[in-house]
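Engineer: Dumping the structure here so I can ask a few things about it.
The values are calculated or read from the model by the stated rules, or taken from the named source; none is laboratory data. What you are looking at is a predicted structure, and each value in this text was computed from that prediction instead of being measured. As a convention, Cβ positions derive from the backbone with ideal geometry for all residues, glycine included, and neighbour counts pool all protein chains shown.
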Amino acid sequence: MRPSGTKRGKVTAARVFGGRTLLDVELLSGEQCSYVELLAPTGWTMVPAPGADVLVQEVGGDRGHLVATVADDASLRIDGLGPGDFGLRDARGQQVTMTAEGVRVKNALQVIVEATDEIVLACMVVRLGSAGASIPVRLANNAAASKVFAE
């Protein structure tokens, strides 16, 4: 068995079929590859846009079994992250970052939190963004919250 080869390419099309993201890729050599499965970390699903960079690998050196790993689009990279920081950004500018200062959701079109039972905010201060709003907040033990701000 010869070692598997890794080649760099660009996504030309992507689709989800049977729960798998399948790519059409143009390798830097100009070769066209279809039905290349994109492998992502457990729990992640992504459909990269045309032009995204990918690494295409021959599993066990078999040209008939190509998989893509690491889809990257330089336009979606997040500036200003430090060591240990992590972030996600989509093509609409929606972004989630995890940094030493905390977790931040930025430029979200809409945030929907779905829970079948309850939503718990375990914090000392809750700030609500509507100007002039004043909403009483009670803690789990039915005590009044010490600080609630509406901005």
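Engineer: If you take the residues in segment 32-72 that are touching a Lys or Arg at 6+ places or on another chain (Cβ under 8 Å) and among the β-branched types (Val, Ile, Thr), which one is surrounded by the fewest Cβ atoms within 10 Å (Cβ to Cβ)?
Structural biologist: Val47
Engineer: Counting just the residues of segment 40-59 that are over 20 Å from the mean Cα position of the chain (by Cα) and among the hydrophobic types (A, V, I, L, M, F, W, C), which one comes out nearest to Lys7 (Cα to Cα)?
Structural biologist: Start the filter on segment 40-59 by keeping residues that are over 20 Å from the mean Cα position of the chain (by Cα), which leaves 56-59.
Within this subset, residues satisfying the condition of being among the hydrophobic types (A, V, I, L, M, F, W, C) are 56, 59.
Values: Val56: 5, Val59: 12 Å.
Across segment 40-59, the extreme among qualifying residues is Val56.
Condition check ((1) touching a residue at least 24 places away in the same chain (Cβ under 8 Å); (2) among the charged types (D, E, K, R)) across all residues:
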position	(1), (2)
Pro50	yes, no
Gln57	yes, no
Val70	no, no
Arg77	no, yes
Gly84	no, no
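Engineer: Within segment 30-74, count every residue that is touching a Gly at 6+ places or on another chain (Cβ under 9 Å) and of a type in the set (A, V, I, L, M, F, W, C).
Structural biologist: Of the residues in that region, 6 qualify.
Engineer: Still on this structure, I have one more. Which one is surrounded by the fewest Cβ atoms within 10 Å (Cβ to Cβ), of the residues in segment 9-31 that are of a type in the set (Ser, Thr, Tyr) and over 11 Å from Ala68 (Cβ atoms)? Break it down into steps so the answer makes sense when it comes.
Structural biologist: At the first step, the residues of segment 9-31 found to be of a type in the set (Ser, Thr, Tyr) are 12, 21, 29.
Checking which are over 11 Å from Ala68 (Cβ atoms) leaves us with 12, 29.
On the way: Thr12: 15, Ser29: 8.
Top of the filtered list is Ser29.
Engineer: Considering segment 95-112 alone, what residues qualify as being surrounded by 10 or more Cβ atoms within 10 Å (Cβ to Cβ) and part of a loop (DSSP other than H, G, I, E, B)?
Structural biologist: Passing the criteria: Asn107, Ala108.
Engineer: Which one of the conditions (1) touching a Ser or Thr at 6+ places or on another chain (Cβ under 8 Å); (2) farther than 30 Å from Cys123 by Cα; (3) of a type in the set (A, V, I, L, M); (4) not in a loop (DSSP other than H, G, I, E, B) does Val47 fail to meet, given that it meets all the rest?
Structural biologist: Unmet for Val47, out of (1) touching a Ser or Thr at 6+ places or on another chain (Cβ under 8 Å); (2) farther than 30 Å from Cys123 by Cα; (3) of a type in the set (A, V, I, L, M); (4) not in a loop (DSSP other than H, G, I, E, B): (4).
Engineer: Answer yes if at least one residue in segment 24-39 is among the hydroxyl-bearing types (Ser, Thr, Tyr), over 19 Å from Ala74 (Cα atoms), more than 19 Å from the chain's Cα centre (by Cα) and assigned to a strand (DSSP E or B), and no otherwise.
Structural biologist: Looking only at segment 24-39, we keep the residues that are among the hydroxyl-bearing types (Ser, Thr, Tyr), and these are 29, 34-35.
Among the residues that remain, those that are also over 19 Å from Ala74 (Cα atoms) are: 29, 34-35.
Checking the rest, the ones that are also more than 19 Å from the chain's Cα centre (by Cα) come to 29, 34-35.
Checking which are assigned to a strand (DSSP E or B) leaves us with 34-35.
Yes, because at least one residue in segment 24-39 is among the hydroxyl-bearing types (Ser, Thr, Tyr), over 19 Å from Ala74 (Cα atoms), more than 19 Å from the chain's Cα centre (by Cα) and assigned to a strand (DSSP E or B).
Engineer: Among the numbered criteria (1) in contact with a Ser or Thr (Cβ under 7 Å, 6 or more places away or on another chain); (2) closer than 27 Å to Ala108 by Cα; (3) among the acidic types (Asp, Glu); (4) outside the structural domain of Asn107 (by TED's automatic domain parsing), which one does Asp85 miss?
Structural biologist: (4)
Engineer: Could you say which residue among Arg92, Arg63 is over 18 Å from the mean Cα position of the chain (by Cα), basic (Lys, Arg) and assigned to a loop (DSSP other than H, G, I, E, B)?
Structural biologist: The unique qualifying residue is Arg63.
Engineer: Kindly list, by first and then second residue, each pair from a residue in segment 94-114 that is over 20 Å from Arg77 (Cβ atoms) and without any contact (Cβ under 8 Å) to a residue 60 or more places away in the chain to a residue that is in a strand (DSSP E or B) and not polar (S, T, N, Q), limited to pairs with Cβ atoms under 8 Å and residues at least 6 apart or on different chains.
Structural biologist: If the second residue must be in a strand (DSSP E or B) and not polar (S, T, N, Q), the pairs left are Val111/Val105.
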